[in-house]
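What follows is one structure encoded as structure tokens, with my remarks underneath.
The values are calculated or read from the model by the stated rules, or taken from the named source; none is laboratory data. Because the structure is predicted, anything quoted here is derived from the model rather than measured. Note that each Cβ is placed from the backbone with ideal geometry, even for glycine, and that neighbours are counted across all protein chains shown.
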Amino acid sequence: MSSATTSSSEQDALLRAGIDRSLRHPVMFFLTSGAAWLAVSILLGIIASAKVHSPGLLSSCAWLTYGRVFPAHLNALVYGWGMQAAFAVIIWLMARLSRKECTMTGTILTAGHLWNLGVSLGVIGILSGNGTGIPWMEFPTFAWPVLLISYIAILIGSFIQFRVRPEGHVYISQWYLLAAMIWFPWIFITANTLLHCIPGHPVMGAAISAWFRSAIIFLFFMPVAIGAAYYLAPKVTGRPIFSYSLAKLGFWSLAIIAPWAGMQKLTGAPIPYFLPYLGAAATALIFVPAATAAYNTIRTMLSAEETLAVSPSLRFTVAGITGLVVLAAAAVFLNLPGSTLPLTQFSLSGYGFEILAIYGFFSLVMFGTAYFIVPRVTRREWLSSRLIKIHFLFSVYGIITVALITLFGGLQQGIGQEDWKQPWAAAASRAYPYAVANTVAWILILFSNLFFLLHLALMWIGLGRRSSHPTLLQSAHASSPHGAEGDIDNAGPATTH
Amino acid sequence: MSLPEQKPDLEDSINVSEAHGRLVREAAACVREKRIAANGSEPISLWVIALCGVVVLIAGGILGGAGDWFNYKATFREGYVRSAAPGAEDTGPQPKEALAAYMAKGAKIYSAKCNGCHGADAKGDGANYPSLVGSKWVVGSSEKLSMIILNGLQGPTSTGKTYGAGMPAQAAGLTAEDLAGIMTYIRNNFGNTTGDVITAEMAKAALDISAARAKAGQQVTGEELVADHDKALPGAPLDPKTMVDPVTLAPATAPAAQP
């Protein structure tokens, strides 16, 4: 290694460190408040799930009836956790990949607070009985312009960074992230204008709402998580992406297929006859972009198995990508019009699919990315590999349980619902054991995320480990809570700042 | 990776070992990062391609089911009532619209009680039996008509003509539902089109009014009808399109849930 390249690689490391430093508070703000919203959402989810099998629970409190808790749970999950985790990942990745320091920290933080205010008022609005009743858009109508304005203020800087980036290659992650940044306002403005400002026929309104939910998953959460996985896999392993042309195929097929999906939820409703079929076919075809992205990232990570075994980022990413594969398979098997599709319309299965997408795939990749980003922006290493392991194991076992029981139990419930000679209560009693298991699984997930929230908060206030060696998931050195240490520098010299 | 013993670059005023110390302290994570390597172009497994091909075929099959484009008839049928499934237990007669149900009941009573004199076409014979077609007392106020049916009629009819000894009372064996049916039937058949339904509730009131008459048991006369009974029977009017049980004439509570 010549002196010149050494110097330039050090300059480069300092540039990257400067970018990380400039984004310390925005990234930590979004991750920590997102994790807090995740805990709130899971708590609401536990209450909602418990009410399915024990309707008498908390029944005296109007604010906690099922019809309010359940939408509050999903909206807090989507806007409180999902969007904010995506903000943290997008602003950091776009700054790093465009090699530009963030100069809009104040704007981003102000808009971030505005976003949280909007979500808080929205959730309170739902719980106080002022929800709109439109799935995933239950926030009272005043909330959506607030969210839209803060969204633009948060991400406009990332657009500018991309525009003024040094000449060069546009990396795969940037395709996905840029596309997601552009698609979200399109989906959000379309659905909210068509449903709140110029409402048409209510049946078509239901179809638009179904499209909106599908589009948020496939056109925002999915590209953000795939983009993050395409960054982590080669970055942590140091190996090239397995196949560049396959990545291109995956991106363009997602862009072409995903906007058509969603209206299969309205099967049998008096909307134009082909729309549910088109939605079902497009949702099944999501398998193609999902499988190509999964294959590409997994093969990249498998090329460095020794890194894969110890890196917390990669472990979460692999779990999330596995969730993507399951999601892709479910997208095919739940959308066969002759057999399964009618069973998913009013049962747990539809919910299970959404939770699998948001938690089983998106959130796990976001956790993996957070485990990569946070040590860089805080300049501290994660405190304890044991906390990370607890977070991983409880999250993964929890989401596997939720996904299995809601997908499979939902089909059972759907069969009960289709048998119209039986009373509706028979379908509910079919779902009973699955609902109990669902509650238990959500409690596991809540437990894991309280540890994640605690760990994040400690990192943000600067209590992370000061060391030049990362926190790895090694079991060989069981005597040390941090794994193989190298030169621990806890009592080292203070930083020059 | 740079090593501290490497020579400082004297043309630059950077102290490399100090810079390196800063790097280790402040940018350790960035220093140990790996560069994103050039993009690979490994061959893609045939299994992945085949699997995607299978899914594309399945999706094509799904799309192939959407043959009717903008056709609403497959999903929306006007006036559709789900028929009982084969093997399903008998859930009783299908609900009918009120006007049709009352008329069907009235048609049976008419053929048993009225047909003999007024005739199958209700035109009477012009000499002994008057016509019901267009009669002001048939299509007029409902209480008047009910009193004639229940008590019979003596003296001149609405046209001023007297038909023999008049009409005998028909109250014997007539329930409120029967009376409601026959009244609805003659007011909406044979060219009469009042379009309203005399409900069982109204007919019940008619029975009560008839029993409370001053000259109970005697035939009514034209004078009495005009003086005492020229009004509509009490009771809430019924939308002729309401679905009712054709046997009991009670409103069918939930035709969709209990087909």
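Restricting segment B:165-188 to residues that are farther than 17 Å from B:Gly116 by Cβ and in contact (Cβ under 8 Å) with a residue 40 or more places away in the chain, the residue that is surrounded by the fewest Cβ atoms within 10 Å (Cβ to Cβ) is B:Glu177.
Looking at segment A:299-322, can you tell me whether even one residue there is facing another protein chain (nearest Cβ under 9 Å), of a type in the set (A, V, I, L, M) and more than 30 Å from A:Tyr434 (Cα to Cα)? Within segment A:299-322 (the criterion being facing another protein chain (nearest Cβ under 9 Å), of a type in the set (A, V, I, L, M) and more than 30 Å from A:Tyr434 (Cα to Cα)), the answer is no, since none of the residues qualifies. Checked against (1) at pLDDT below 95; (2) of a type in the set (A, V, I, L, M); (3) in contact with a helix residue (DSSP H, G or I) (Cβ under 8 Å, 6 or more places away or on another chain); (4) in a helix (DSSP H, G or I), A:Ile160 passes all but condition (3). Evaluation of B:Gly191 against the conditions (1) of a type outside the set (S, T, N, Q); (2) buried (at least 17 other Cβ atoms within 10 Å of the Cβ); (3) assigned to a loop (DSSP other than H, G, I, E, B) shows that the sole unmet condition is (2).
Set side by side, the residues A:Ile187, A:Ile126, A:Ile172, A:Ile134 differ, and just one is more than 23 Å from A:Ala95 (Cβ to Cβ) and crowded, with 22+ Cβ neighbours inside 10 Å, which is A:Ile126.
Can you spot a residue in segment A:226-239 that is away from chain B (no Cβ under 14 Å) and assigned to a helix (DSSP H, G or I)? Checked against the condition, which is being away from chain B (no Cβ under 14 Å) and assigned to a helix (DSSP H, G or I), segment A:226-239 yields at least one hit.
One line per residue, one yes/no per condition, for (1) modelled with pLDDT of 85 or more; (2) within 14 Å of chain B (Cβ to nearest Cβ):
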site: A:Ser448; (1), (2): yes, no
site: A:Leu456; (1), (2): yes, no
site: A:Ser480; (1), (2): no, no
site: A:Thr495; (1), (2): no, yes
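For the subset of segment A:240-275 comprising residues that are closer than 19 Å to A:Ile216 by Cβ and either outside any helix (DSSP H, G or I) or in contact with a strand residue (DSSP E or B) (Cβ under 9 Å, 6 or more places away or on another chain) (or both), which member is farthest from the other protein chains (Cβ to nearest Cβ)? Result: A:Gly262. Does A:Thr401 satisfy being polar (S, T, N, Q), within 25 Å of A:Gly338 (Cβ to Cβ) and within 24 Å of the chain's Cα centre (by Cα)? For A:Thr401, the condition - polar (S, T, N, Q), within 25 Å of A:Gly338 (Cβ to Cβ) and within 24 Å of the chain's Cα centre (by Cα) - is not met.
For segment A:429-442, the set of residues classified as surrounded by fewer than 18 Cβ atoms within 10 Å (Cβ to Cβ) and either of a type in the set (Phe, Trp, Tyr) or touching a residue at least 60 places away in the same chain (Cβ under 8 Å) (or both) consists of A:Tyr432, A:Val436, listed by residue number. Among residues of segment A:338-365 that are within 14 Å of chain B (Cβ to nearest Cβ), those with a Cβ under 6 angstrom from a residue that is surrounded by fewer than 24 Cβ atoms within 10 Å (Cβ to Cβ) and polar (S, T, N, Q), sequence gap 6+ or separate chain, pair up as A:Leu341/A:Thr267. Screening A:Trp211 with (1) within 14 Å of chain B (Cβ to nearest Cβ); (2) within 21 Å of the chain's Cα centre (by Cα); (3) of a type in the set (Phe, Trp, Tyr) gives one miss only, at (1).
Rundown of residues vs (1) farther than 18 Å from A:Leu348 by Cα; (2) without any contact (Cβ under 8 Å) to a residue 40 or more places away in the chain, yes/no style:
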residue	(1), (2)
A:Val40	yes, no
A:Leu57	yes, yes
A:Ser60	yes, yes
A:Ala72	no, no
A:Ala88	yes, no
A:Ile91	yes, no
A:Ala95	yes, no
A:Cys102	yes, no
